[in-house]
1. I'd like the residue in the stretch 284-311 that is charged (D, E, K, R) and part of a loop (DSSP other than H, G, I, E, B) and, out of all such residues, is most open to solvent (accessible area, probe 1.4 Å).
2. Going through the stretch 115-147 one residue at a time, which ones are among the aromatic types (Phe, Trp, Tyr) and either open to solvent by 100 Å² or more (accessible area, probe 1.4 Å) or modelled with pLDDT of 80 or more (or both)?
3. Under 9 Å by Cβ, and 6 or more places apart or on different chains, what pairs join a residue from the stretch 1-21 that is in contact (Cβ under 8 Å) with a residue 12 or more places away in the chain and more than 18 Å from GLU46 (Cα to Cα) with one that is β-branched (Val, Ile, Thr) and in a helix (DSSP H, G or I)?
4. Being under 30 Å from MET108 (Cα atoms), outside any helix (DSSP H, G or I), modelled with pLDDT under 90 and out of contact with any Pro (no Cβ under 6 Å at 6 or more places or on another chain): is that true of ALA187 here?
5. Among the residues of the stretch 366-380, which ones are within 20 Å of ALA296 (Cβ to Cβ) and not small (Gly, Ala, Ser)?
6. Which ones in the stretch 387-411 are open to solvent by 60 Å² or more (accessible area, probe 1.4 Å) and not in a loop (DSSP other than H, G, I, E, B)?
7. On the basis of being within 14 Å of ILE217 (Cβ to Cβ), in a helix (DSSP H, G or I) and not small (Gly, Ala, Ser), does MET42 make the cut?
8. How many residues, within the stretch 351-403, are hydroxyl-bearing (Ser, Thr, Tyr) and free of Cβ contacts under 8 Å to residues at least 12 places away in the same chain?
Amino acid sequence: MVEKNILLLFCEAGVYFAVMAGLLYGRRRFGIGLFVCAIGVMHFLETYLASFFYIQLPFGQLSPGSTVLFSGKLMMILMLHIKEDARIVRQPIYGLLIGNFLIVGLVMILRNHTVAALSPERLPDLSFIDEMGWLMVWGTILLFIDAIAIILLYERLGAWLRNLPFLRLSISGAVVLSFDQIGFYTALHFYSGAPFAAMLGGWAAKMGAAIVFSVLIMGYLRFVERETPAADHPLKDRRTRDVFHTLTFRERYEDLLQQTGRDTLTGVFNRRKLEYITARAFERDVSPSQPLSLLAIDVDRFKTVNDQHGHKTGDDVLRRLAKTLSDALRTEDHLFRFGGEEFVAICPNLGPAAAAIVAERLRAAVQQRSNEEFFGSTISIGVATAPMEAENYDALFVCADERLYAAKRHGRNRVVSAYSQLEEAESA
């Protein structure tokens, strides 16, 4: 009997996933509506089975409604997010929430009718409708929270498990399904006095379901839809009040920046990448204990190189100079081509004094090769550090840029920082 129950659970999971994955795959031809409708239709059956239909396994009692259908729905919503974007994945999540609130609202109105019985044996069971209605609402609220949580967790785990997708899927599913099991069992125990064995058995079964559905999703992603389709909509600034807006293109945007965030001439990062990295740094990391230094760098008299030797030679000089600067920076630093002959270096966890030392090292490295490789060109650098001298990227750049032009005015081929300014004031 136990073996039969286990086999049937695997069959139910296989049939559910095959049909839902087929509808997901067919969205390009038939639209996403088929997938969304199927997700919604299954919710009543899930709630009914989770309320009344249980089987016995060695580790406890469980319902196929929770173990297979609900777990499968949550993992399918995650797979929809992986293959599409937030604009699409919101549809089943919000639709389920609104639809089940609508059911309860209509039932509260319908129960006020004077009922005409078709026969004495066929009277409506309003207590059943009431119990199912409130359980459906509670389950929908949990699903809404679960769906947001599993997407957030999946996104967050991407920072550490980007190359381990199965582990990322299974951990996301296991954590959120554990939360859901506690929440739904609490309501079920209140309404029907469900024993604690149902809590333990359902939890163990959901952990197994997280693994099984993760395996199935991995197979689908690897053998059915190998390539993630490009997003249909351009990247835009979104309002942050909807959590999905912050998730819509995050990983695809990061991948895009990795592929196209390089300057085509020098190979270093470009200005767009500079703005992206510094924005993230100020959001997460910059503090007095974790300062961020910016070095504004300009090639001295570079126009002379172009005028005397041609723009092709000038391009070669910029390539070699970018390589020299990159080699002189620390491994955790980033170099960007800001435009023309201007570069910017971002140095995390580097205070004002240490940043001035790094800047001087860059200047000396270029001067050492100036006559041999750069046709006499040198560099001037302005240095600024956050949060000591600026509270945001714009202010930090302005501070470093002003010091860069001070270096230009004082004869070029020099570094101007808070320390060099202090030294000049004392000598004056």
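The values are calculated or read from the model by the stated rules, or taken from the named source; none is laboratory data. Note that the structure is predicted; figures quoted are calculated from it, not measured. Positions of Cβ are backbone-derived with ideal geometry, glycine not excepted, and every protein chain shown enters the neighbour counts. These accessible areas exclude ligands, DNA and RNA; they are computed on the full protein's heavy atoms, side chains included. Shrake-Rupley method; radii C 1.70, N 1.55, O 1.52, S 1.80 Å.
1. Start the filter on the stretch 284-311 by keeping residues that are charged (D, E, K, R), which leaves 284-285, 298, 300-301, 303, 307.
Subset that is part of a loop (DSSP other than H, G, I, E, B): 285, 300-301.
On the way: ASP285: 79, ASP300: 3, ARG301: 142 Å².
Within the stretch 284-311, the match that is most open to solvent (accessible area, probe 1.4 Å) is ARG301.
2. Initially, the stretch 115-147 is screened for residues among the aromatic types (Phe, Trp, Tyr), giving 128, 134, 138, 144.
Passing the criteria: TRP134, TRP138, PHE144.
3. Listed pairs, sorted by first residue: ALA21/ILE217.
4. Details: under 30 Å from MET108 (Cα atoms): yes; outside any helix (DSSP H, G or I): no; modelled with pLDDT under 90: yes; out of contact with any Pro (no Cβ under 6 Å at 6 or more places or on another chain): yes.
Judged against the criteria, ALA187 is not a match.
5. Kept after step one, since they are within 20 Å of ALA296 (Cβ to Cβ), are these residues of the stretch 366-380: 366-367, 370, 374, 377-380.
Result: VAL366, GLN367, PHE374, THR378, ILE379.
6. ASP394, VAL398, GLU402, TYR405, ARG409
7. On the way: within 14 Å of ILE217 (Cβ to Cβ): no; in a helix (DSSP H, G or I): yes; not small (Gly, Ala, Ser): yes.
So MET42 fails the test.
8. Step one: of the stretch 351-403, the residues hydroxyl-bearing (Ser, Thr, Tyr) are 370, 377-378, 380, 385, 393.
Applying the additional criterion that residues be free of Cβ contacts under 8 Å to residues at least 12 places away in the same chain yields 370.
Of the residues in the stretch 351-403, 1 are hydroxyl-bearing (Ser, Thr, Tyr) and free of Cβ contacts under 8 Å to residues at least 12 places away in the same chain.
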